[in-house]
Structure formats: structure tokens, C-alpha cells
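Worksheet: the structure to be examined is printed underneath.
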Amino acid sequence: MTDMGAANAPFAGGKRILWLISVLGSVYFGFLVISSWTLFDLKPFGWQIYDAYYAAILDGRFDLPARVLRYEGHYTADGTGYLYHGVAPLLTRFAFGWAWPFETFPMNGFSIWFWAVVGTLGWQHVLVTLARTAGVSADRRVLVLALCAALWVAGPGPALVINLSFYHEPIAVAFAMSGLFAAVWTRAARGVTPMSVAVVLLAVCAMVAVHARPNVAIGLYAGVVLAIGHGLWRDRSAFLIPAIIAMGILAAGGFGYLGLNALRFGDALITHGSYEGSRVVYGNVFWGIETKDSIRAAAFEEHGRLNPLRVVPNAAFYLFDVPSASFLTGLSDSILGLYRAVTEPILGHIRVGGPRTGLVMLWPLWCLLALFGIRAAWRDTQMAGLVVAVALSAIVTLAYGTITFRYRLDLWPVIATLALMGAVFCMRREPGIAAKAWIVGLGTTAFIVGTATTTASVYKYASPLRERPGEYFEKWSEDACLKRAAQIGLTVEQGTKTCRSHSSLEDAV
């Protein structure tokens, strides 16, 4: 057990600075949210989806109008549309909806901001807890505080909040749950929080995550099981009640997920629509812009939505890709060509969405520190379970048949866990003068480059996924929706039902 008095000494005068960093970081996120909403004439796609979902559930329904869902809905034969994404973002509506002016302003920006702040605070707490309990010397407190600031300006938060499309709502919740999960695990691993309390909190994080991003939740569920196993092995029967409570929470999350599937899709084991032969089909197929024998459909049907053979090539692409811009265009095209040459003969077509940039370029500081974290993880058995949990989440994400910018945010937990462990590992060492100069120089360069590349990526990522006329995400007027409904053979009654308006705000904006 670490002497907490001695361990806290380096931070005795830094708590106010830490609070200031958190407040300024939250304000910065808020500034990005406001900028994203006000500086563009075109609204982000799906800005009203979860507000409409909230209203529908209060009305006892799970279906949503086609004018809200558009191609992202999954539809039955009569045009009834369902959202297959997680319901966890509704937590923000149930918590604050009683006072929110939905008919005046949507909640999506606040919701994404809220969860992005919670998640970043969680990862910041991981770093501070590791540093406090590792005996990091007082003269290196400034390094800890600098890394805390870097989490806000050069982490995933800015990318989360700059684009307010509905895709980011469940991703933001999963980001928050993984950050809280890591913070609770770290506190338990360092003896700050009793494991009997921590395992219940870990289970709550995992339960919420399964209703946000199931790929992330799989790793968190595994982490809770590891924590329960460790507690039972160490404390025997004394740990039985916390273990039962935690398992009950996990079961509630799992059965709740299956129950929602049954309500939406008529089968507990169906998590989304299909290309054919199902009660519910993909919106692209339903509305006739994609055929059931498209290259994407063929790849999913032949190789599965999740395939372990995708993990290694997808990981390499996510790490080392470069933007297709300016002098990097040739290199970017070569990387994509090599990726296609390696994967397509074995795995079929894998959709690659933009904007493209590799994690080494997007988060160079954290990737650099993660290399040291790999070494630290071998020596730190207390944190090994967390590393396994977040690594499993990353593996599931990498096995999927689509690569896109927002999925990089689901890979953050494994990079962050290793990076923060690596940062503290480096701070505890006493390098020579030459080595110290290299470390300071390389770290400073990585921080500057990371902040610059994150800012550049955020600027570029602010524009996509907006309601541009004539494009995939365009807004559907009532007349346009009814015309589409007639073209695919829906009756007038069915078309009128699915093309109904969600709210006066939708028609006004």
C-alpha cells in the first residue's frame, strides 16, 4: 500500500491548477460545440434524432419518422423506421429533458459536450491517481499538469465535440464510460477505492456502455468479470455479495439490450437490419440507393461484420494512414492502395471513410507514451486487467468491416491506458542529462505536433456529415419523402405515416 500522504505531496499545491485546467478544458469544448453549431449554415446530420427518440418513448413508441432517420433508419416493409444505434444518449434527455426547451433548441450539442467532459475528466483522474500513488517527485508535478492539459487539447475530446452529427452521441457516452471505468479501476488498483465498491461501479459503466457502443462494452464486460474473479480469489466469501451485485448489473444491461432488440426488430438476437430476408432491412436498401448484392453487402455476407482477420491490417491502417492532402496525397494513395491489395483478396471490400489520418499523426504524444506503457504494463499486474479489457474493445472495433474517422475514437481507451501508464513510468525514472534532453525534446515536439494535428483534424472534421442538398445526408422535406415513398411502392397511407413531421423545430430549421 502506498503512503498516501507522501504520494499526495507533489500535488499539494497543484489542485487549484488542476481544477483550472478542467474548467478551461470544459469551456474550450463548449466553444467548439457553439462554433460547430453557429459557424455552418448546414446543420449536422441527425441533430434531432435522439430528441425525437426521447419523445417517441415518452409516447410509448420505438419507431421514428423517415424524415428524421432517412437512410440511417432500418425499416419494415410498411415503412416503419427504427434506429439501431444505442439508446444510452437518452440518459441526457431523461436527466435534463424536463427543463430543456426542445421546441426551441436541440439537446445534441449539450449531450455530446457533457459526455466528452465526463470522459476527459475520467482519463485525467487516471493520470493523477497513477502519479500520486507512484511517488512521482514534486519537481515533476508540472509534467503531470501539462499532460492533463494535453488531454483536453490533444486528446479525442475536440474531435468528439466539433462534429454534432448523431453518430457522436453514442460514441461520446462510450468515451465517458470507458474514462470512468479506467478511473475506478485505477483507484481500486492503487488501493484508493475498495474493490468491493469498485466492482459495482465498473459494472454500471459496462452496463451503460452496452447501450452506447457494444464493441466498447465487450471489453468492459470482460474487465468486470476479471475484477470479480480477482476479488473472489483474494477475499473468498467476503467478496460474494459485491460479485453478485455486479453480475446482476451486467445481466440487467445484457437482457435490457436483448429486450430492446426484440421490441425494435422482433427478435432479441437481431441487432440491426439486413440486406434481405429479414423483417427489418437497411435504410439504403429500403430506399433503393444500395442493392442487396453491392460490394459492401457481399463482403458482410461472405466475411461477416466482425472478422478477426481484419484486426491486423485495420490496426496498421488506423495507426499509420496519412491525410490525402497537399504533399501527402501520393503517400496517402499508396497506403490505401497497399491496404486494398492486402485485404480485398481475403476479406472483400472494406469501406474507408474520411477524413483520413493515422493515430500516430493524430495523437503522436499519446502513441509515443504508449510505447513506454507497454513496458510498464508488463511490470504492473494491478493494471493488467484494465489493459486486457480496453485491448479487447479495440480488437472488436478493428474486426469490423468499415474504417472511418469516428471509429478512431473507440480506439482511444487502449492508447490512453498505455500512454498514461507510460507517462508515469517515465516520470519515475532518473535519466542521464543526455537522455533527459532527448526525452524533453521528443516529448515537447510530440505535444506541439499532436496539438497541431488534432486541431487541424478537428477543423477538417467539422464540415462532413452535414445536411448538404443533393447529397447522402440532405434534409428530407415532406414532399421529397412522399415522393421517395411512392417510388418504392408504399401506399399513400404508409407514406403519410412514415413521412410525418417530428416537431415544429424540424420544419423551421
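Pairs of lysines 8 or more apart, or on different chains, with alpha carbons under 16 Å: count those in the chain, would you?
Close lysine pairs found across the chain: 4.
Label point 7 Å out from Trp233 along Cα-to-Cβ: which residues of region 363-395 have amide N under 14 Å?
381-386, 388, by backbone N distance to the label point.
State log₁₀ I(q)/I(0) for region 354-429 at q = 0.13, 0.18, 0.25, 0.27 Å⁻¹ as given by the Debye formula over alpha-carbon point scatterers of equal weight, solvent excluded.
-0.40, -0.72, -1.14, -1.24
Specify the longest stretch of the chain that does not include any exposed loop site, a site being one of the GluC sites (Glu not before Pro) with a non-H, G, I, E, B DSSP assignment and at most 14 other Cβ atoms within 10 Å.
277-470
Suppose each label sits 7 Å from its Cα in the direction of the beta carbon; what would the Phe62-Arg375 distance come out to in nanometres?
5.2 nm
Dividing the convex hull volume of the alpha carbon atoms of the chain by its residue count, what do you get in Å³ per residue?
Enclosed volume per residue, from the Cα hull, is 160 Å³.
If one takes the longest principal axis of the Cα atoms in the chain, at what angle in degrees, from 0 to 90 and to the nearest 10, does the Cα axis of helix 168-189 lie?
30 degrees
Taking square-rooted eigenvalues a ≥ b ≥ c of the alpha carbon gyration tensor, is region 41-115 rounded, prolate or oblate, where a/c under 1.5 means rounded and, failing that, a/b exceeding b/c means prolate?
In terms of gyration-tensor shape, prolate.
Tell me which of Ala384, Leu250, Ala182 sits at the most positive position along the dipole axis of the chain, charges placed on C-beta atoms (Lys, Arg +1; Asp, Glu -1).
With unit charges placed on the Cβ atoms, the residue in question is Ala384.
Just to verify a number: FRET efficiency for Arg351 and Glu103, C-beta to C-beta distance, R0 = 35 Å, to 0.05?
With R0 = 35 Å, the Cβ-Cβ based efficiency is 0.40.
Which value, in Å², gives the accessible area per residue of region 120-209 when a 1.4 Å probe is used on the protein heavy atoms?
Heavy-atom SASA per residue in region 120-209 reads 22 Å².
Mind putting a number on the dipole of the chain about its Cα centre? Charges go on the C-beta only, +1 for Lys and Arg and -1 for Asp and Glu, and I need it in Debye to the nearest 20.
1460 debye
Quick one: Kirkwood hydrodynamic radius for region 76-154, alpha-carbon pairs, angstrom, one decimal?
Hydrodynamic radius (Kirkwood, Cα only) of region 76-154 equals 16.1 Å.
By accessible area of protein heavy atoms, probe 1.4 Å, what ranking do Tyr257, Tyr53 get, highest first?
In descending accessible area the options line up as Tyr257, Tyr53.
Shape call for region 34-81 from the C-alpha gyration tensor, a ≥ b ≥ c root eigenvalues: rounded (a/c under 1.5), prolate (a/b greater than b/c) or oblate?
The shape class here is oblate.
Using Cα pairs under 8 angstrom and six or more residues apart, how large is the relative contact order of the chain, in percent?
Relative CO of the chain lands at 21 percent.
Given a Förster radius of 22 Å and the C-beta distance between Arg340 and Val312 as r, what FRET efficiency does 1/(1 + (r/R0)^6) yield to the nearest 0.05?
According to the calculation, E is roughly 0.90.
Using only the alpha-carbon atoms, how far is helix 108-133 inclined from the longest principal axis of the chain? Give it as 0 to 90 degrees, nearest 10.
It is inclined by approximately 20 degrees.
Can you work out the FRET efficiency for the pair Ser137 and Gln382, with r the C-beta to C-beta distance and R0 = 25 Å, to the nearest 0.05?
E between Ser137 and Gln382, to the nearest 0.05, is 0.70.
So which cysteines of the chain have no other cysteine's Cβ under 4.7 Å from theirs?
By the Cβ distance rule, which asks for a partner under 4.7 Å, the isolated cysteines are Cys148, Cys205, Cys367, Cys426.
How large is the dipole of region 15-97 about the Cα centre if only Lys and Arg carry +1 and Asp and Glu carry -1, each at its Cβ, rounded to the nearest 20 debye?
That gives a dipole near 440 debye.
Determine the order of Leu160, Leu232, Leu465 by accessible area, beginning with the largest, at a probe radius of 1.4 Å.
Result, largest first: Leu232, Leu465, Leu160.
Can you tell me how much longer the chain between Asp479 and Leu269 gets when fully stretched, taken as 0.36 nm per residue apart minus their C-alpha distance, in nm with one decimal?
So the extension gain works out to 72.0 nm.
For region 38-158, what relative contact order do you get, as a whole percent, if you take Cα pairs closer than 8 Å and at least 6 residues apart?
19 percent
Using only protein heavy atoms and a 1.4 Å probe, report how much of Ile244 is accessible, in Å² to the nearest 10.
110 Å²
Compute the length gained on full extension between Val360 and Ile488: take 0.36 nm times their separation in residues and subtract their Cα-Cα distance, giving the result in nm to one decimal.
Extending this stretch completely gives an extra 41.5 nm.
Working with all protein chains in place, sort His272, His230 by solvent-accessible area computed with a 1.4 Å probe, largest first.
His230, His272
May I ask you to compute the full-extension gain from Ala262 to Glu471, defined as 0.36 nm times their residue separation minus their alpha-carbon distance, rounded to one decimal in nm?
Length gained between Ala262 and Glu471: 72.0 nm.
Tell me the relative contact order for region 171-232 as a rounded percent, counting alpha carbon contacts under 8 Å between residues six or more apart.
With pairs under 8 Å counted, the relative contact order is 38 percent.
The values are calculated or read from the model by the stated rules, or taken from the named source; none is laboratory data. Quantities reported herein were computed from a predicted structural model and do not represent experimental measurements. With ideal geometry, Cβ positions are generated from the backbone for all residues, glycine too; neighbour counts draw on all protein chains shown. Areas reflect the complete protein model, heavy atoms only, side chains present, ligands, DNA and RNA absent. Shrake-Rupley method; radii C 1.70, N 1.55, O 1.52, S 1.80 Å.
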